[in-house]
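Accompanying notes for the structure given below.
Coordinate-derived values only; no laboratory data. Since the structure is predicted, the reported quantities are computational estimates derived from the model, not experimental observations. Heads up, the Cβs are rebuilt from the backbone with ideal geometry, glycines too, and the neighbour counts pull from every protein chain shown.
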Amino acid sequence: MRVLITGAAGFLGSHLCDRFLAEGHSVIGMDNLLTGKVDNIVHLAGRDDFQFVKHDVTNYIYIDGPVDAVLHFASPASPIDYLTYPIQTLKVGSLGTHNALGVAKAKGARFLIASTSEIYGDPLVHPQVETYVGNVDTIGPRGVYDEAKRFAEAITMAYHRAHGVDTRIVRIFNTYGPRMRLDDGRVVPNFIGQALRGEPLTIYGDGLQTRSFCFVSDLIEGIYRLLMSDYNDPVNIGNPNEMNMRELATLVSEMTQNPGGLVYQEDSRIKGDPQTRQPDITRARTILGWEPTVKLEDGLQRTIDYFRSHV
Ligand code: NAD
Ligand code: UDP
């Protein structure tokens with residue numbers, strides 16, 4: 001296959017490039033470097049089967065030659081990033097998704113959109129199953145991301161129903177691993193960066209809010225299987241291993257032997273920060289035969305090792 005991956009210089013996009021190339025496909029990686037970095041894909045430079053195109057996908061996307069699959073991953077993803085770039089986030093989820101779908105339609109390609117657990121908002125159903133329609137504050141600070149992704153899902157289903165495009169929707173739950181930006185503000189790089197600098201780990205609010213963390217290799221496997229399946233409805237991909245932020249901070253502190261301890265920052269929680277989050281992965285298990293395999297301690301150790309060489 002010849003595959004277009006948008007957001008290719010980002011954390012997930014760069015791992016997807018590696019995976020598709022390893023499977024023998026050729027990859028066009030597209031990115032405007034808003035929140036990603038060339039470092040993440042520099043190891044692919046010079047390969048015949050990889051091409052990088054610096055382009056903002058909110059503008060018309062022109063690709064020469066055939067395309068068999070489009071994976072649309074371009075979007076700021078960390079809360080700090082989408083608060084910094086609220087308009088860009090809305091545009092890449094709406095105009096960018098429209099353009100990426102346009103490529104898929106014109107080329108007769110499969111299309112996969114990177115959606116998110118955020119479309120469930122601050123969920124009233126736990127764990128979150130794909131049939132749950134969510135609890136989102138449209139005008140809250142996180143609304144720029146949540147609504148962009150909800151629109152992206154809606155237009156994806158519209159292209160599927162109206163134009164017959166063969167689409168996939170993956171709802172990604174918190175994923176971590178090498179190639180995250182140390183300063184992207186998400187909790188795993190924040191905690192590891194602080195720990196490696198010997199600083200206290202910053203817990204926002206009372207730290208009793210929960211997340212469920214998936215290691216990047218597990219996520220990429222789930223996405224690959226979803227693209228290769230024939231399933232058009234949304235699929236949650238994430239690790240159901242739920243924990244609160246105090247527990248995560250304690251674990252990172254122990255693993256790094258950080259003397260800095262923990263510090264509570266009551267006011268740092270962004271309005272609408274979900275209180276709980278855990279994927280129900282019954283659908284992924286049943287349809288894709290997929291489930292996560294990497295234990296949190298192992299994934300964190302690999303991430304700590306990566307960041308150790310980058311702090
Ligand atoms: P990231 O910020 O590392 O990567 C996003 C990439 O998109 C960056 O390289 C950025 O430069 C690029 N980009 C942004 N706007 C663009 C535009 N207009 N044109 C071209 N490129 C643009 O984030 P990530 O964690 O790799 O997330 C990738 C995708 O997965 C996003 O769509 C995100 O919403 C989704 N997602 C990620 C997670 C997670 O836990 N990592 C969870 C849910 C959903
Ligand atoms: N968080 C924290 N300390 C930090 C960064 C984040 O306690 O230094 C909390 C944040 O308030 C949220 C959770 O960790 O409840 C996960 O935040 P993240 O930014 O990683 O992503 P989210 O899941 O909110 O999109």
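The table that follows gives values for the structure above.
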item: Percent breakdown of C-alpha pair distances by 5 Å bin, ordered from the shortest bin, for segment 3-157; result: 2, 10, 19, 21, 19, 14, 9, 5, 2, 0
item: Dimensionless Rg ratio for segment 1-64, taking C-alpha atoms and the 2.2 N^0.38 Å reference; result: 1.00
item: Degrees between helix 143-163 axis and first principal axis of the chain (Cα, 0 to 90, nearest 10); result: 30
item: Estimated [θ] at 222 nm from DSSP helical runs (n ≥ 4, -39500 (n - 2.57)) normalised by residues in the chain, nearest 500; result: -11000 deg cm²/dmol
item: Residues of type aspartates and glutamates that Lys105 reaches as a straight line, Cα spacing below 12 Å, ignoring anything fewer than 8 places off in the same chain; result: Asp68, Asp166
item: Order of Lys91, Lys54 - criterion: other Cβ atoms within 10 Å of each residue's Cβ, fewest first; result: Lys54, Lys91
item: Long-range tail of P(r) for the chain (Cα pairs > 32 Å, %); result: 22
item: Within the chain, longest stretch clear of exposed chymotrypsin sites (Phe, Trp or Tyr not before Pro) (DSSP loop, no more than 12 other Cβ within 10 Å); result: 63-311
item: Length-normalised contact order for the chain - Cα pairs under 8 Å, 6+ apart - percent; result: 18
item: Rounded to 10°, Cα long-axis angle of helix 86-107 versus longest principal axis of the chain; result: 30
item: Between helix 296-308 and the chain: long-axis angle, C-alpha atoms, 0 to 90°, nearest 10; result: 90
item: Gyration tensor over alpha-carbon atoms, segment 195-301, equivalent ellipsoid semi-axes in Å; result: 31, 17, 10
item: Mean projection area, nm², convex hull over Cα of segment 145-236; result: 7.6
